[in-house]
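Reading through the structure tokens given below for one structure.
The values are calculated or read from the model by the stated rules, or taken from the named source; none is laboratory data. If you're wondering where the values come from, they're calculated on a predicted model, not measured in any experiment. Cβ placement follows ideal geometry from the backbone for every residue including glycine, while neighbour counts extend to all protein chains displayed.
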Amino acid sequence: MPIEFAERIRRIPVYPAADGYALGGDVALLASNESPYPPIPAVADAVAAALSGLNRYPDPTNSALRAALSDRYGVPAHRIAIGNGSCDILLAAGEALLEPGAEIVYAWPSFSVYPHLAAAAGARAIEVPVDSEHRHDLDGMLREITAATRLIVVCNPNNPTSTALPLEEIAEFVRAVPRHIAVILDEAYCEFNLLQDPDESLDLLARHPNLVLLRTFSKVYGLCGLRVGFGLCGSEQFRIAVDQVRQPFYCNAAAQAAAIEALKHQDEVARRVERNLAERIELEDGLRRLGLAPAESQANFVWFDVPAGGDAAAEPDERDVVRGLAEGGVLVRAGTALGRRGAVRVTVGTEGENAKLLALLGRLLGAATS
């Protein structure tokens, strides 16, 4: 007789992780929205220094990291949640806020972790389709609010579609949400967003105790391998709740040391963002020269539909293109796994990686449409 697992295990979808982690050689890793640049040397030094204390547990309160984040963002330390990546905080929020009969509202396609929150809790997920420009339909999300709504998540810029909404629209949306409903504004890519300064949304916290700004060290700081996320909270209650449902020591000592040091190098972060944005513009121009129409990206990745091929009536299927790119040493993400068949998500890489992608993609699309 097989082991009998909890019913919720059958509900929870498998996270669509990218392939290629075991690959060696000259492979362009453009599938996971990672930074193509290594950590700042001083951050690597801070990690090395932390290794001598690995016989001790990390600070379970993350006090030094929360103090450093408080200095950087002006949010009191007791209103800052830390996580093993921002996913950790999201999943904890689902556990703390959702239960059978409750509802969560989010756009779709959006971040692939969001469906896990409802599935794990037995709650109902309300997925509101993005609009024709691949952006959140905020009015549509507001119309889905009911007495059962406990949590709303807005991903801005949105993963995987790369698009963002102006802060004025976000602010109006948050103002319209009843104050007893938690709103998580997932800003994992906010540093790449040219529509606003990353600090502009901080003002919303003073007016909305039900709001959480969710951010990460994985993207712009290049610390994917250490997994550090944080939430800037409108009230202390959210931080207390997500801490209560998690195991202790959820952020390791090396990760805490790296994040604290990374915050000291904002000038280098700005230079890396500028470099990445320049590469993004070149990549988008290259895609347009191939006859593709990428969405208006405000992130470190781009999103576009592939042509349908020789049969104009056929539904586009991007998987052959993704497979062909992988065989040529370029890994990207198929939209089917991310919520939209026929689309492809490509992380902005180095100049050489982007050129390799465009050359190979041009050959593949030429063969597909001939």
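Count of region 327-341 residues, restricted to those that are surrounded by fewer than 19 Cβ atoms within 10 Å (Cβ to Cβ) and closer than 18 Å to Leu290 by Cβ, is 1. Of all residues in region 262-291, those being part of a helix (DSSP H, G or I) and farther than 17 Å from Val348 by Cβ number 4. Can you give me the number of residues within region 35-48 that are in contact (Cβ under 8 Å) with a residue 12 or more places away in the chain and exposed (fewer than 12 other Cβ atoms within 10 Å of the Cβ)? Here the count works out to 1. Looking at Asp243, is it without any contact (Cβ under 8 Å) to a residue 12 or more places away in the chain, assigned to a helix (DSSP H, G or I), over 18 Å from the mean Cα position of the chain (by Cα) and surrounded by fewer than 21 Cβ atoms within 10 Å (Cβ to Cβ)? Against the criterion (without any contact (Cβ under 8 Å) to a residue 12 or more places away in the chain, assigned to a helix (DSSP H, G or I), over 18 Å from the mean Cα position of the chain (by Cα) and surrounded by fewer than 21 Cβ atoms within 10 Å (Cβ to Cβ)), Asp243 does not qualify. State whether one or more residues within region 198-217 are more than 19 Å from Ala96 (Cα to Cα), assigned to a strand (DSSP E or B) and of a type in the set (Val, Ile, Thr). Yes, region 198-217 contains a residue that is more than 19 Å from Ala96 (Cα to Cα), assigned to a strand (DSSP E or B) and of a type in the set (Val, Ile, Thr). Note on region 298-319: residues that are at pLDDT 90 or above and among the charged types (D, E, K, R) amount to 1. Scanning region 34-44 for residues that are assigned by TED's automatic domain parsing to the domain that holds Leu331, in a loop (DSSP other than H, G, I, E, B) and under 23 Å from Val153 (Cβ atoms) turns up at least one hit. Just one of the listed residues (Ser162, Ser112) is among the hydroxyl-bearing types (Ser, Thr, Tyr) and either at pLDDT below 95 or touching a helix residue (DSSP H, G or I) at 6+ places or on another chain (Cβ under 7 Å) (or both), namely Ser112. For region 167-180, a residue qualifies if it is buried (at least 18 other Cβ atoms within 10 Å of the Cβ) and in a loop (DSSP other than H, G, I, E, B), and exactly one does: Val177.
Taking the stated definitions as given, is Val174 out of contact with any Lys or Arg (no Cβ under 9 Å at 6 or more places or on another chain), in the same structural domain as Ser112 (by TED's automatic domain parsing), modelled with pLDDT of 95 or more and β-branched (Val, Ile, Thr)?
Values: out of contact with any Lys or Arg (no Cβ under 9 Å at 6 or more places or on another chain): no; in the same structural domain as Ser112 (by TED's automatic domain parsing): yes; modelled with pLDDT of 95 or more: yes; β-branched (Val, Ile, Thr): yes.
When the stated conditions are applied, Val174 does not pass them.
Residues in region 53-70 that are surrounded by fewer than 20 Cβ atoms within 10 Å (Cβ to Cβ), part of a helix (DSSP H, G or I) and touching a residue at least 40 places away in the same chain (Cβ under 8 Å): Gly53, Ala64.
Residues in region 225-238 that are surrounded by fewer than 23 Cβ atoms within 10 Å (Cβ to Cβ) and touching a Lys or Arg at 6+ places or on another chain (Cβ under 6 Å): Glu236 alone. Is it the case that region 212-230 has a residue that's under 25 Å from Asp88 (Cβ atoms) and over 16 Å from the mean Cα position of the chain (by Cα)? Within region 212-230, not a single residue is under 25 Å from Asp88 (Cβ atoms) and over 16 Å from the mean Cα position of the chain (by Cα).
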